[in-house]
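J.: Sharing a structure with you now.
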Amino acid sequence: MLAVASGSGSAQATCDRQCLTDTLTRYLNAMMAHDPAAAPLAASVRFTEDAAPLKVGEGLWKSEIKFLSYRLDFIDVREGTAAVHAVLEEKGAPILFAARLKVVDRKITEIETMVVRSQAESMLFAPANLTTPSATMTYRPQPSERMPRDQMVAIAGRYPAGLRAGSFVTADVPFAPNAYRFENGVRMAGPGCTFQPPSCVDMKHQRLPTLPDVKQRLVAVDEEMGTVLFRLAFGRGSLIGPAFEGKELVTFEAFKVYGGTVHAAEAIFKAAPINQPSGWD
């Protein structure tokens, strides 16, 4: 099955929205075909999978994979970045996949990926709940609802600030009334949440651990779609239990931001050694 694209627009001399979407599709299809030559790679391309530096063609490229119906793109035209959340099938089993591509002169110069195969790797794992992107994440804000790029980033940044403070109230995160959080296919907050209901329904007032070491890196700002994508490393205390000793949550977390509020947070994450360099910081 081909990796279905969701972009719009027309190709221009520079890599516009459609160009970036098509480049991402070509990369995903090349990976599925185990054929790096089919992807528009720069000669100097750098590639990591789960923070480990690899050659393109190694890692998940070598596995038997196909793409399923879930693919959510984040297209940052200004920075030449195309990122994605997706569900794949590997040897008959579903896995979660996140990636960031940097595109310069229509060539991929950077590839950063995360692969999540099981609950043992990630604490939460429900890819069966991810069949199509949500209506919230695919909603294209009206011009009157859109915000300047720096304001989008600032509002999304209040979320990790709330994690550091142990309170979204303290950080004054401006959640929309029906805001929700979806993590690895599990609805952890907002209407219909499964984590300690009914207390999880009110996302702003939900009880949080205090995670003072949360680190954030901006991955992409999709100004047209109203999404901000961060890579977050949650630090000590973000995972509990002997199976996760010495590990932290690392996420590619997307925030739907428009009209001055956060409408959703959707993340793909896994456990990683605490303070493991990502290779891109």
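The values are calculated or read from the model by the stated rules, or taken from the named source; none is laboratory data. Fair warning: this is a prediction, and the values are worked out from it, not measured in the lab. Here the Cβ positions follow ideal geometry from the backbone for every residue, glycine too, while neighbour counts run over all protein chains shown.
J.: Can you name the strands (runs of 3 or more DSSP E) wholly within segment 149-250 that have at least 2 residues being outside the structural domain of GLU112 (by TED's automatic domain parsing) and surrounded by fewer than 16 Cβ atoms within 10 Å (Cβ to Cβ)?
T.: Hits in segment 149-250: 175-183, 215-222.
J.: Do any residues in segment 232-261 that are in contact (Cβ under 8 Å) with a residue 60 or more places away in the chain have Cβ atoms under 9 Å from those of residues that are assigned to a helix (DSSP H, G or I) and of a type in the set (S, T, N, Q), where the two are at least six apart or on different chains, and which pairs are they?
T.: Short answer, once both residue conditions are applied: LEU249/SER122; LYS256/THR136; VAL257/GLN151; GLY260/GLN151.
J.: Say whether the condition of being in contact with a Cys (Cβ under 9 Å, 6 or more places away or on another chain) and either in contact (Cβ under 8 Å) with a residue 12 or more places away in the chain or closer than 16 Å to ALA135 by Cα (or both) is met by at least one residue in segment 206-221.
T.: yes
J.: Being assigned to a loop (DSSP other than H, G, I, E, B), hydroxyl-bearing (Ser, Thr, Tyr), touching a residue at least 12 places away in the same chain (Cβ under 8 Å) and out of contact with any Gly (no Cβ under 9 Å at 6 or more places or on another chain) is true for just one of THR136, THR132. Which residue is that?
T.: THR132
J.: Suppose we keep only residues that are among the hydroxyl-bearing types (Ser, Thr, Tyr) and under 18 Å from LEU208 (Cα atoms) within segment 235-281. Which one would you say is farthest from the chain's Cα centre (by Cα)?
T.: Step by step, filter segment 235-281, then rank; the result is SER238.
J.: Please specify each residue of segment 228-281 satisfying the condition of being polar (S, T, N, Q) and over 16 Å from GLU183 (Cβ atoms).
T.: The answer is THR261, ASN275, GLN276, SER278.
J.: Name the single residue, out of those in segment 52-80 being among the charged types (D, E, K, R) and crowded, with 20+ Cβ neighbours inside 10 Å, that is farthest from LEU218 (Cα to Cα).
T.: ARG71
J.: For segment 172-200, how many residues meet the condition of being farther than 29 Å from ALA120 by Cβ and free of Cβ contacts under 8 Å to residues at least 40 places away in the same chain?
T.: In the first step, residues of segment 172-200 are kept if they are farther than 29 Å from ALA120 by Cβ; the result is 172-179, 191, 198.
Checking the rest, the ones that are also free of Cβ contacts under 8 Å to residues at least 40 places away in the same chain come to 172, 177, 191, 198.
Here the count works out to 4.
J.: Do we find that GLU110 is touching a residue at least 60 places away in the same chain (Cβ under 8 Å), in the same structural domain as THR81 (by TED's automatic domain parsing) and either surrounded by 13 or more Cβ atoms within 10 Å (Cβ to Cβ) or not in a loop (DSSP other than H, G, I, E, B) (or both) in this structure? Walk me through how you get there before you give the answer.
T.: On the way: touching a residue at least 60 places away in the same chain (Cβ under 8 Å): yes; in the same structural domain as THR81 (by TED's automatic domain parsing): yes; either surrounded by 13 or more Cβ atoms within 10 Å (Cβ to Cβ) or not in a loop (DSSP other than H, G, I, E, B) (or both): yes.
So GLU110 passes the test.
J.: Suppose we filter segment 78-107 for residues that are charged (D, E, K, R), closer than 19 Å to ALA254 by Cα and part of a strand (DSSP E or B); how many remain?
T.: Total satisfying the criteria: 2.
J.: A further question follows. Are any residues in segment 141-175 of a type in the set (D, E, K, R) and either in contact with a Ser or Thr (Cβ under 9 Å, 6 or more places away or on another chain) or at pLDDT below 95 (or both), and if so, which ones?
T.: Passing the criteria: only ARG164.
J.: Related question: Can you pull out the residues in segment 147-191 that are small (Gly, Ala, Ser) and either closer than 25 Å to ARG236 by Cβ or in contact with a Lys or Arg (Cβ under 7 Å, 6 or more places away or on another chain) (or both)?
T.: ALA156, GLY157, ALA161, GLY162, ALA165, GLY166, SER167, ALA171, ALA189, GLY190
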